[in-house]
Amino acid sequence: MADIGKIFLFGFEEPVISVERLKFFKKIGAKYFILFKRNIEHLKENIDILKNEFDNPIISVDGEGGIVRRISEFDDFMFSNMNLGSSFDPHYAKETYFKMGQILLEKGINMNLAPVVDVYLTEGNTISIRSFGGFVDMVSEFSLNAIEGLHKAHVYAVAKHFIGYGGVKIDPHKTIPSFELDYPYFEMALKPFEAVKDVSDFIMTAHIIVPFIDDLPITFSKKGISLLREFYKGPIMTDDLEMGGANVFPLEEIPVKALLAGNDMLSVCSLFEVQKTMVSAIEKSHINIDEHIERIEGLRKFDDSNLEEISLRNERFVTLYKDENFIGTKNFKFIVISSLKEHFGSKAFLHFSIEPNEDEKNNILSNLKSDDNIVITVYNAFNNPKQVELVESIKRIVKNVCVIILGDPFDRQLFTFADCIVLTYSPLPKIVEVALNVVKGEYKAMGRLPV
């Protein structure tokens, strides 16, 4: 009982960890923790508690940056993996992840559940801009550099999600996706994980079925994890076992099946009752966990006397995908998706929701003139066709339209009628500002399409 907590990564749904949960974690010898957005508001309090109550705890976050936001300081420089990928310079990933690691360590966080090393295999997949891109060698190089950046900052790295969500459209948080692509795509998905095998501190498995391997998700597949073990000898971590994609067995069987499949660490990130049930299930199973603990506790040791400094460049990357003499236009009306309204304030002419309704559409159209130049942001319009309808309607009225694509680059295929297309690979305001400067002709678009 005293060591069983060492094979779990625990989160907690309350903003500040409760006394009851703390007592339970101490009783079972827990050591590995993850903080989510709900805990960040009380970050210092939570970290102080964990460090005071546990001996050298490993405290982690899903600190990917971009659309997976945990630490607000990242927003000024880390826009998404795909934004980094558009630079085609792997050292940019090292610089960025080093700065991320510095910020995390200063806050008392010493492990990052990043980078995502999934390859973007099909347009509009669920991993989207969280991937570095669609070229295997590029994703491998960026992943290696990202991990090196975290290590230089003395932060552990978790490469995820084996074998990758880059070929599926279903969100594993809700249900179980299946990898239906041909075998060559599967080989492509494997290669970045093979590339990081000697440097990643953990590799996280995915709740994804690969039919030609097994009819079970990789998380629970001995065949799938054996494939990973062919080249990776370090500790293997599950994705959150509370996700919909892990809901394939009765609750008490889930942790046992995951451990027997070959995982070393079980992530149970929210519900206290679920955590108690899963710990109890492992106890009752009488599985020998010594080998799992040994692998987990074989983590590298950082030499605090050997801290290096890696400077982050000032350049920022966006991609100019199309321009029919729009770039250089300074007199335009800027229409934004609602999430950007607060940041841009009066600079934004009008705004609309991610699924604009008829009232929003009519309000925008009624405020346009035939000689207007319009710059408009869109986000994952392939999942929200009303955005496409809105931009098409605007195009029929005004002189010129420039579309800034904030999300998945698949959207570029939906706006071929636009006079100008700029891709940011991120909805964060700072990179949208860069895109606007590109539109005005005040900044050069240095990014290339990474898919």
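The values are calculated or read from the model by the stated rules, or taken from the named source; none is laboratory data. Since the model is a prediction, treat every value here as computed from it, not as a measurement. Ideal geometry is used to build each Cβ from the backbone, glycine not excepted, and the neighbour counts take in all protein chains shown. Quick note on the areas: whole protein, heavy atoms, side chains included, nothing else; ligands and nucleic acids left out. Shrake-Rupley method; radii C 1.70, N 1.55, O 1.52, S 1.80 Å.
Taken over region 322-334, the residue count meeting the criterion of being part of a strand (DSSP E or B) and either open to solvent by 20 Å² or more (accessible area, probe 1.4 Å) or modelled with pLDDT under 95 (or both) is 3. With respect to V210, is the statement that it is buried (at least 17 other Cβ atoms within 10 Å of the Cβ) and either within 18 Å of E141 (Cα to Cα) or among the acidic types (D, E) (or both) true? Here the answer is no, as V210 does not meet what is asked.
Within the option set L299, L312, being among the hydrophobic types (A, V, I, L, M, F, W, C), assigned to a loop (DSSP other than H, G, I, E, B) and modelled with pLDDT under 95 holds for one residue only, L299.
Among all residues of region 226-238, there is none that is out of contact with any Pro (no Cβ under 6 Å at 6 or more places or on another chain), over 21 Å from R300 (Cα atoms) and of a type in the set (F, W, Y). Quick check on L228: is it out of contact with any helix residue (DSSP H, G or I) (no Cβ under 6 Å at 6 or more places or on another chain), open to solvent by less than 10 Å² (accessible area, probe 1.4 Å) and either without any contact (Cβ under 8 Å) to a residue 40 or more places away in the chain or not in a strand (DSSP E or B) (or both)? Yes: the conditions hold for L228. The residues of region 275-289 that are aliphatic (A, V, I, L, M) and assigned to a loop (DSSP other than H, G, I, E, B), listed by number, are I287, I289. Taking region 248-270 as the range and being open to solvent by 40 Å² or more (accessible area, probe 1.4 Å) and touching a Ser or Thr at 6+ places or on another chain (Cβ under 8 Å) as the test, the residues that pass are L251, E252.
Residues checked against (1) modelled with pLDDT of 95 or more; (2) open to solvent by less than 80 Å² (accessible area, probe 1.4 Å); (3) in a helix (DSSP H, G or I):
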position	(1), (2), (3)
E291	yes, no, yes
E294	yes, no, yes
L307	no, no, no
L320	yes, yes, no
V336	yes, yes, no
H351	yes, yes, no
L365	yes, yes, yes
L368	yes, yes, no
I376	yes, yes, no
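In the set G124, G134, G108, G101, only one residue is touching an Asp or Glu at 6+ places or on another chain (Cβ under 7 Å) and either over 19 Å from F193 (Cα atoms) or open to solvent by 10 Å² or more (accessible area, probe 1.4 Å) (or both); that residue is G124.
Counting the residues of region 412-451 that are out of contact with any Cys (no Cβ under 9 Å at 6 or more places or on another chain), of a type outside the set (S, T, Y) and under 27 Å from T122 (Cβ atoms) gives 18. The set of residues from region 225-242 being more than 19 Å from I289 (Cβ to Cβ) and in contact with an Asp or Glu (Cβ under 6 Å, 6 or more places away or on another chain) comprises just one member, F231. Restricted to region 51-81, and to residues there that are of a type in the set (G, A, S) and in contact with a helix residue (DSSP H, G or I) (Cβ under 7 Å, 6 or more places away or on another chain), the residue that is surrounded by the fewest Cβ atoms within 10 Å (Cβ to Cβ) is G66. Residues to consider are F88, F142; find the one that is of a type in the set (A, V, I, L, M, F, W, C), in a loop (DSSP other than H, G, I, E, B) and more than 13 Å from the chain's Cα centre (by Cα). Of F88, F142, the one residue that is of a type in the set (A, V, I, L, M, F, W, C), in a loop (DSSP other than H, G, I, E, B) and more than 13 Å from the chain's Cα centre (by Cα) is F88. With respect to the conditions (1) open to solvent by 40 Å² or more (accessible area, probe 1.4 Å); (2) of a type in the set (A, V, I, L, M, F, W, C); (3) at pLDDT below 95; (4) farther than 22 Å from G66 by Cα, V199 lacks only one, and its number is (3).
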